[in-house]
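The values are calculated or read from the model by the stated rules, or taken from the named source; none is laboratory data. A quick note: this is a predicted structure, and the numbers were derived from the prediction, not measured. Every residue, glycine among them, receives a Cβ derived from its backbone with ideal geometry; neighbour counts consider all protein chains shown. In case anyone asks, the SASA skips ligands and DNA or RNA and just uses the protein heavy atoms, side chains included. Shrake-Rupley method; radii C 1.70, N 1.55, O 1.52, S 1.80 Å.
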Amino acid sequence: MGEGVLTPGFVRVDGEMFAEGVPLERIAAAVGTPTYVYSAGRIREQYRRLESALMAALPDIPHRIHFSVKANSNLAVLRTLQEMGAGVDIVSAGELYRAREAGFGGADVVFSGVGKTAEELSQALTDQVLFINVESEGELLVLDAVAEARGVVAPVTLRINPEVTVESPHAYIRTGEKGHKFGIPYDDAEHVALLAHSLRNVRLVGLDMHIGSQISTWAPYEDALTRIKPLIATLRAAGIDTLQWLDIGGGLGVTYEDEAPADLERFAAGVAASVRGLGLSLVFEPGRFLVAEAGVLLARVLYRKRSGGKEYIITDAGMNDLVRPSHYQAYHRIDVVREPANDGAVVVADVVGPVCESGDFLALAREMPDVEPGALLAVQTTGAYGFVMASNYNSRPRPAEVLVEGDCFAIVTERERLEDLVRLERAHLQWRNV
Ligand SMILES: *Cc1c(COP(=O)(O)O)cnc(C)c1O
């Protein structure tokens, strides 16, 4: 049976692609296109793989996986991970709201982000999050004031920029190098930690790092921890005895094209060796790793065109639906859901969307089956940073999202309707006098 596994969760059987037990053509016929399709089983498998690698290496060190909500914030996806025992890492009050709606308690939440507002910090205190990853001295002082006004003590971890080099494929997903906007500059860390320790309305409970994304080797994590560990010793020597947590951030990589996937056993063993004896509980914040390979974007071929000697495959999904190719020059494999009956003829084509931008493409100069209009395409490995980055550019309603479980599927986000596009706008104005 079948011709083998494409991405686990998505399989080709007799020339036709399935999500678990559901033919993708069936979903496209019922829900339309473009549509994101997620495999619940695949999400669970990724979670289990990471958790068992961590458990094997860290049997005696308390640790928890906090899914980075920004990778895929759909409520049903969050719920799937909540049921597995995950916590969450959030970067806005909106993500906090989603996490609560999906069933996470305050203590399941860690709050990251370089530009949290006083209102967002206040909401995090209302919800009693586990801790807030503070990224600057200014934010620390605002949080102290917000906590004082509320009459509470805010649990704080400091995000330290370890200033290490990370080999991520695109500059936009490197976050832990010297001079980046993220985290507290390494040389300021001791000063800010002592300040935190001296403030009455915050409690310094740990340190945090997040060095980037799509990382497949252990070395950058090791470099970063090698910088963080002496800092912990320095802070303890300075009398700070409240440290409980070390948050190692996210960044574990997946395979889009031919990249080596993150080596979980090496990662877990490296962390274990690195943190042994520190006496701190660990938090991990993977996003992409848990969901990227669990999603595809379904798109229909609208037209074929040849222009200036170039072949184009024009689809109904564009950069507003999936921005990664144009924003990060990201590679996504594109499969034809039902192999065309044309003896394996191929073309080298740009696969482009309908948006009025030359930067609107899903793939450039890609060898593709010689598809006809009407063919259904599956853009692979789009479960992370796909729908969450979708926009309404060109007044295009955002796509639907579907979750598959065995041989059942459910719509987990309805396709936007045209009236949704203008729901918050006003054509008949109520002018205000100044
Ligand atoms: C984006 C982000 C993550 C998740 O990164 P992935 O590469 O998707 O694992 C984790 N922590 C923080 C603070 C982030 O900003």
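Remarks
- One residue stands out in the range 202-220 among those that are of a type in the set (Val, Ile, Thr) and farther than 16 Å from residue 159 by Cα: the one that is nearest to the ligand (Cβ to nearest atom), namely 215.
- Of all residues making up the range 314-326, the number that are of a type in the set (Gly, Ala, Ser) and within 16 Å of the ligand (Cβ to nearest atom): 0
- For first residues located in the range 208-226 and within 16 Å of residue 171 (Cα to Cα), partners that are assigned to a helix (DSSP H, G or I) and within 11 Å of the ligand (Cβ to nearest atom) and lie 6+ apart or on another chain with Cβ distances below 8 Å form the pairs 212/173; 213/173; 213/288; 214/173; 214/288.
- Which numbered condition residue 271 fails, given (1) surrounded by 22 or more Cβ atoms within 10 Å (Cβ to Cβ); (2) within 20 Å of the chain's Cα centre (by Cα): (2)
Conditions tested, residue by residue: (1) of a type outside the set (Lys, Arg); (2) exposed (fewer than 12 other Cβ atoms within 10 Å of the Cβ); (3) touching a Phe, Trp or Tyr at 6+ places or on another chain (Cβ under 7 Å); (4) over 22 Å from residue 45 (Cα atoms).
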| site | (1), (2), (3), (4) |
| --- | --- |
| 369 | yes, no, no, yes |
| 389 | yes, no, no, yes |
| 403 | yes, no, yes, no |
| 422 | yes, yes, no, yes |
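- Considered as a group, the residues in the range 153-194 that are among the charged types (D, E, K, R) and touching a residue at least 40 places away in the same chain (Cβ under 8 Å) include one that is least open to solvent (accessible area, probe 1.4 Å), and that residue is 159.
- The set of residues in the range 251-274 that are in contact with a Leu (Cβ under 9 Å, 6 or more places away or on another chain), within 16 Å of the ligand (Cβ to nearest atom) and among the small types (Gly, Ala, Ser) comprises 262, 268.
- If only residues of the range 275-313 that are assigned to a loop (DSSP other than H, G, I, E, B) and more than 16 Å from the ligand (Cβ to nearest atom) are counted, the one that is most open to solvent (accessible area, probe 1.4 Å) is 276.
- Selection count, the range 66-91, where residues are more than 12 Å from the ligand (Cβ to nearest atom) and among the acidic types (Asp, Glu): 1
- Residues that are under 21 Å from the mean Cα position of the chain (by Cα) number at least 1 in the following strands (runs of 3 or more DSSP E) confined to the range 327-433: 334-336, 361-369, 376-380, 400-405, 408-413.
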